[in-house]
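Novice: Once you've had a glance at the structure underneath, I'll fire off some questions.
Derivation of every value follows stated rules applied to the coordinates shown; laboratory data play no part. Here the structure is a predicted model, which is why all the values come from computation and not from measurement. Every residue, glycine among them, receives a Cβ derived from its backbone with ideal geometry; neighbour counts consider all protein chains shown.
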Ligand SMILES: [Mg+2]
């Protein structure tokens, strides 16, 4: 785990007896792909969603040529800087989390560059989801292991990317995994992750799943 991630995790004040919900941001509480498409259109580019990948799928409107991996990297960095606060919230996310916050502690674990942390936290606040934000780098397996070791109550993890769910299943097997993809096109492309206890695009479903788990474990 990167030192900057470790220090953010250690700065949290968590109650070991209280359930913990760790949610991703992009495609879980925020519409990332739709926001990226708006950004690309401004630059006469578009996202060819023929596979679950960004690199290789950003094309020029004129000649249809795909951007190189280096160009895509630069575009994504620019997108995070200019459009992080312009993303649309996913329907029902704020409401479900507010309801769940009566029974669980909530944190947002998002793979955004460190320098984007303040903009993303402002976005969360503006959309009624002012929970502690951890700006992570790389796999989410070790951060979840570190968190779940501190909590005796149930721990839940929501993410759209199967590799993160797989890593958490491997590193912290007691964590309940929710494979959540807000964008219906991406959900159709990806299918259900190998490692998940629920696969959904709807926050009310996620809330009910978590509430049932809490009920059945006496929380
Ligand atoms: Mg995501």
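Novice: Specify whether the C-alpha gyration tensor of region 96-213 places it in the rounded, prolate or oblate class, a ≥ b ≥ c being the square roots of the eigenvalues: rounded for a/c under 1.5, otherwise prolate if a/b is larger than b/c and oblate if not.
Specialist: rounded
Novice: Still on this structure: Arrange the peptides 78-84, 180-186 so that the one whose residues have, on average, the most other Cβ atoms within 10 Å appears first.
Specialist: 180-186, 78-84
Novice: At 7 Å along the Cα-to-beta-carbon direction for both residue 146 and residue 192, put a label point, then send me their distance in nm to one decimal.
Specialist: Between residue 146 and residue 192, the simple spin-label model gives 3.3 nm.
Novice: When you have a sec, figure out the Kirkwood radius of the chain from all distinct Cα pair distances and drop it here in Å to one decimal?
Specialist: Here the Kirkwood hydrodynamic radius works out to 17.9 Å.
Novice: Next up: What full-extension length gain, to one decimal in nm, is calculated for residue 184 and residue 18 as 0.36 nm per residue of separation minus the Cα-Cα distance?
Specialist: So the chain would gain 56.5 nm between residue 184 and residue 18.
Novice: State the antiparallel share, in %, of DSSP beta bridges confined to the chain, rounding to the nearest 5.
Specialist: 25
Novice: Separate question: Measuring from a point 7 Å past the Cα of residue 102 along Cα-to-C-beta, which residues in region 193-216 have an amide N at less than 20 Å?
Specialist: 203-216
Novice: So what's the back-of-envelope 222 nm ellipticity for the chain, counting only DSSP H runs of four-plus at -39500 (n - 2.57) apiece and dividing by all residues, rounded to 500?
Specialist: When only DSSP H runs of four or more count, the value is -12000 deg cm²/dmol.
Novice: In percent, how large is the relative contact order of region 108-164, given Cα pairs closer than 8 Å and 6 or more residues apart?
Specialist: It rounds to 36 percent for region 108-164.
Novice: What FRET efficiency comes out for residue 88 versus residue 43 if R0 is 22 angstrom and r is the Cβ-Cβ distance? Round to the nearest 0.05.
Specialist: E between residue 88 and residue 43, to the nearest 0.05, is 0.70.
Novice: May I ask you to order 163-170, 61-68 by the average number of other C-beta atoms within 10 Å around their residues, highest value first?
Specialist: Highest to lowest by the protection proxy: 163-170, 61-68.
Novice: Suppose a student asked you for the relative contact order of region 72-154, using Cα pairs under 8 Å spaced at least 6 residues apart; what percent would you report?
Specialist: Relative contact order here is 30 percent.
Novice: Evaluate the relative contact order of the chain (contact order divided by residue number), counting alpha-carbon pairs under 8 angstrom at least 6 apart; express in whole percent.
Specialist: Dividing the mean separation by the residue count of the chain yields 26 percent.
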